[in-house]
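*Asks:* Just dropping this structure here.
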Ligand SMILES: [Zn+2]
């Protein structure tokens, strides 16, 4: 199983590119980073330490896509 994750900025609304993360639950930042780096981090977040940040404004990001993934599995 895998989940499709997109990160959105709380400050400016910018969204990163989607990434597919293996697993069935909410991925850790580490798992997200590995998934983005496997794709060259193209369109991905800016990494500050272990934290993903908005590449535009360095704002905090939140995860989108978990609900959509859950809906897709249920249907
Ligand atoms: Zn931003």
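*Asks:* What tally of residues in segment 18-35 results from selecting those that are farther than 13 Å from residue 62 by Cβ and under 8 Å from the mean Cα position of the chain (by Cα)?
*Replies:* Within segment 18-35, residues that are farther than 13 Å from residue 62 by Cβ and under 8 Å from the mean Cα position of the chain (by Cα) number 2.
Residue by residue, here is whether (1) within 14 Å of the ligand (Cβ to nearest atom); (2) in a loop (DSSP other than H, G, I, E, B); (3) modelled with pLDDT under 90; (4) surrounded by 13 or more Cβ atoms within 10 Å (Cβ to Cβ) holds:
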{"position": "12", "(1), (2), (3), (4)": "yes, yes, no, no"}
{"position": "25", "(1), (2), (3), (4)": "no, yes, yes, no"}
{"position": "32", "(1), (2), (3), (4)": "no, no, no, yes"}
{"position": "35", "(1), (2), (3), (4)": "no, no, no, yes"}
{"position": "41", "(1), (2), (3), (4)": "no, yes, yes, yes"}
{"position": "44", "(1), (2), (3), (4)": "yes, yes, no, yes"}
{"position": "52", "(1), (2), (3), (4)": "yes, no, no, yes"}
{"position": "57", "(1), (2), (3), (4)": "yes, yes, no, yes"}
{"position": "71", "(1), (2), (3), (4)": "no, no, yes, no"}
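The values are calculated or read from the model by the stated rules, or taken from the named source; none is laboratory data. Source: prediction; values computed, not measured. Neighbour counts are summed over all protein chains in view; Cβ atoms, including those assigned to glycine, are modelled from backbone coordinates with ideal geometry.
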